[in-house]
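The values are calculated or read from the model by the stated rules, or taken from the named source; none is laboratory data. It should be emphasised that the depicted structure is a prediction, and the values quoted were computed from it without experimental measurement. Cβ placement follows ideal geometry from the backbone for every residue including glycine, while neighbour counts extend to all protein chains displayed. Note: areas computed on protein heavy atoms with side chains; ligands, DNA, RNA excluded. Shrake-Rupley method; radii C 1.70, N 1.55, O 1.52, S 1.80 Å.
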Amino acid sequence: MPRRGPPAKGHAARTRVRDGGAKPPRRRPKGLKGGDAPPALPTREQLRAFLRKTPGRVGKSDIARHFGLTSDQRPALRELLRSLKESGQAAPVGRRGIAAPDRLPEMTVVEVVGTDADGDAIARPVQWDRTNGPPPAVFMRPERRGLPALAPGERVLARLRFLGGTKYEGRTFKRLASEDRPARILGVYEEGRIIPTDRRSRADWMVGPGDANGAAQGDIVLAEPLPQHRPMGPRPARIVEVLGRMGEPRSVSLVCIHAHGIPDIFPAEAVQEAERAKGVTKRGREDLREVPLVTIDGEDARDFDDAVFAEPDGDGGGWRVVVAIADVAHYVKAAGALDREAWARGNSVYFPDRVVPMLPEALSNGWCSLRPGEERGCLFVEMRFDKAGSKTGHRFGRGIMRSFARLTYEGVQKAHDEGTDPDGVPEGHVRHLYGAFRALLAARERRGTLDLDVPERRVVLDAKGKVLAVVPRPRLDSHRLIEEFMVAANVAAAEELERLRQPCMYRVHDRPSDEKLEGLRQFLAGLGIKLAPRDRIHPRDFSQVLEIVKERPEARLVNEAVLRGQSQAAYSPDNIGHFGLALSRYAHFTSPIRRYADLLVHRALISGLRLGRDGLPEEEAARFPDTGEHITQTERRAAMAERDAVDRYLAAWMSERVGDMFDARISGVTRFGLFVTVEENGASGIVPLASLPDDRWQFDETGHAMTGRSTGLTFTLGQPVEVQLASATPRTGGMVFRLMQGDPRAAGRRGRPASPPRGRRQGGSSGKHGAPSRRR
């Protein structure tokens, strides 16, 4: 096994300084003699002039070299650059670069590219020279009451306010429509009107007799607004496309696909390119066909892009692990029709009733799927670990393999628990997999990673698309086994690309922001839990918090609060490490069928290791900053669409239980009401302020509480409550609940007695079932 390469550039020097070693000698700038005074630091105007005449990204080293600065002047230069960025006189590019800002004009045409975590639109300027770096982000203000929310792909003339750096706030001045990118309305056609599927849209749209375009009652439609000649009444619209029927199988995912602007139809040239694909030959590949690699996936999985193998390595208790990944780069050539479409999609999107794949089915379920007994091309990594789970070496290669078996998580877990092996795999195979897993798990625990316990919900459908159940997705050791193998392979990929000095699309996760950390600290303080200061925060600190509340009633709420308090992971060519996994370098390598980032890593490895001609072109590497931003956005778009689909299916299921009582917890406190989450299935909805007992309610933002002046009732975040489902709307996914606490009408409702007030009174008595009152 070859030795692992040297650490990243600059890492060794920092380690020596930290460990007390001698600092390396400093070099004088060219032309500076021993007795000469160092040159003066450039003024702001000099620096701005240099940025204006230097195209593209500029780093601190470029500036220091141009102005002949010494190492001692670096701190002062760093402060100067920081002040330039904060004042908007320089635009940040990537993690450490800057460029001359192109301040957008006050009125600019922007295009909506996605939404943030709160559902508000994020846009980019339509006219932007990408040689100046990634385009600025425009955070759009919500539309006026009664107007539909901005949809991805929609263009508007926006009035901008500069926020600093590359960020702007935008307000819609005029919604623009064109033949190729109309302002869209997505809704259900009923009785001559379109009822929007977006729960934030309060107004219906009127469809004239000649504008229905053949739509029937209950159809899901796309429409465009028409000029409004009357100041009052519903706005007019024309239906341009009938998508399907509400209530039919796959209608929920259909709504989510169009609501979030997810591409779901492949261009003809991309499909043809995929259908021309053929199997690989052994030429130039390492033969792994006798290695008993197996795939382990969910029962309903159709694409199998990773296979694993493990065996003891010598007599010292170490392990040899092989992870083989489908060779997608062999089929998806850079700049081809397939590549352009894969880039645009960024990733596959998974709904309860369908998958919108990144690649056509001929590849995703065909030549790039590691089916049992069929020869497939692969990129593989062979890793060796000592008995403590520390990696001692790795080796990448390009191979040809044949999966020995298609296994499921449940089947592998059952075989392990019973001490057997599934059909088709050698004796002891499962035992070896779990042995290697335990070693890797020990290494993970030593690192101190963030391990959240936030159960995923699985929607179970019948053949007609009707919801049968919504159940927690099980979390078995077999799931964790594959996760640990994949993390190890991903780390090895990042290390290998650094050793080869190849571009790398890192998977980065920053530490929590000061604002989020302070909010989380205040929330935890209300539960009597302390959190480490920001400058000393480590993932294990969050894990310790979760361990404290593990057996407490508010455990799930604290897990969700810790999750919301984290930064969002992203893709970037600039490495900042992965905070949640406590790793200094990390990249995605293991799922190129469904993630474009992994395909880029495969191409970079092929180039660096000279494994073929289908590696990473220079022009593609130059676009890494833009690509990283784009695929980060498509990933978040997919996550929101998947959550949206689950919420709509939950609303459809709960719509048959309107009037029923449920045990729930308060999951949000706002000025306009409470949000509650049902314990049995995770369904969430609002309790409007107007539905609370008649009182003058005071909102405590810091304490996450709502208190009634007259009744003395206080409702706090995480508090157990009993609620009645008032309404559930599958069309939007929205649910409205009524709180039973403090409601004199609640007793005996629907044959189930409501509980006495569980909201805490100022006197502080215990609630139902002896639930103790909480003090702040």
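Full extension from GLU445 to TYR350: what is 0.36 nm times the residue separation minus their Cα-Cα distance, to one decimal in nm? Mind showing how you got there, number by number?
Working: separation 95, 0.36 × 95 = 34.20 nm, distance 3.06 nm.
My answer for the length gained is 31.1 nm.
Could you tell me what percent of the accessible area of the chain is made up of carbon and sulfur, with a 1.4 Å probe and every protein chain present? The nonpolar share, carbon plus sulfur, comes to 49 percent.
Summing -39500 (n - 2.57) over the DSSP H runs of n ≥ 4 in the chain and dividing by its residue number, what mean residue ellipticity at 222 nm do you reach, to the nearest 500 deg cm²/dmol? Walk me through the numbers on the way to the answer.
Working: 16 runs with 199 residues, N = 776.
One gets -8000 deg cm²/dmol as the mean residue ellipticity at 222 nm.
A Förster radius of 51 Å combined with the Cβ-Cβ distance from ARG431 to ASP62 puts the calculated FRET efficiency at roughly 0.40. Excluding ligands, DNA and RNA, the accessible surface per residue across the range 262-410 is 40 Å² with a 1.4 Å probe. List every residue whose amide H lies under 5 Å from the amide H of HIS704, counting only residues 5 or more places away in sequence or on a different chain, with H placed 1.01 Å from N in the peptide plane. Excluding prolines and chain starts, which carry no amide H, there are no hits. Filter the cross-link list LYS516/LYS550; LYS333/LYS464; LYS60/LYS167; LYS174/LYS516; LYS333/LYS387 down to pairs whose alpha-carbon distance in this structure exceeds 30 Å. Beyond 30 Å between Cα atoms: LYS333/LYS464; LYS174/LYS516; LYS333/LYS387. At a threshold of 8 angstrom on Cα-Cα distance, excluding pairs fewer than six apart, so keeping six or more, what relative contact order does the chain reach in percent? With pairs under 8 Å counted, the relative contact order is 9 percent.
Here the contact order of the range 394-440, divided by its residue count and restricted to Cα pairs under 8 Å and six or more residues apart, works out to 27 percent.
One-quarter of the Cα convex hull surface for the range 439-552, in nm²? Spell out each step's value before the answer.
Working: hull surface 47.2 nm².
If I average the Cα hull's projected area over directions, I get 11.8 nm².
Report note on the peptides 646-659, 578-591: ranked by the mean count of other C-beta atoms within 10 Å, highest first, their order is 578-591, 646-659.
Note that the range 508-552 presents 58 Å² accessible area per residue, ligands and nucleic acids not counted, probe 1.4 Å. Any idea which of PHE396, THR295, MET661 is furthest toward the positive side of the dipole for the chain, if Lys and Arg beta-carbons carry +1 and Asp and Glu beta-carbons -1? Of the candidates, PHE396 comes out farthest on the positive side. In summary, the helical segments of the chain meeting the span-like criteria, namely a full DSSP H run, a Cα extent along the axis of 30 angstrom or more and a mean Kyte-Doolittle hydropathy of at least -1.0, are 477-499, 624-654. Placing pseudo-labels 7 Å out from each Cα toward the beta carbon at GLU456 and ASP700 gives an inter-label distance of 3.8 nm.
Where does the chain land on the Kirkwood hydrodynamic radius, alpha-carbon pairs, in angstrom? Kindly include the intermediate steps, with their values, before the conclusion.
Values: mean 1/r = 0.0340 Å⁻¹.
Evaluated on the chain, it is 29.4 Å.
For the range 418-491, run through the GluC sites (Glu not before Pro) and keep only the ones in DSSP coil with at most 13 other Cβ atoms within 10 Å of their Cβ. Passing sites in the range 418-491 are GLU427, GLU456. Considering only GLY465, PHE485, GLY448, the residue lying farthest towards the positive end of the dipole of the range 443-493 is GLY465, judged by Cα position with unit charges set on Cβ. Modelled label positions at SER584 and GLN568, each set 7 Å beyond Cα in the direction of Cβ, lie 2.9 nm from each other.
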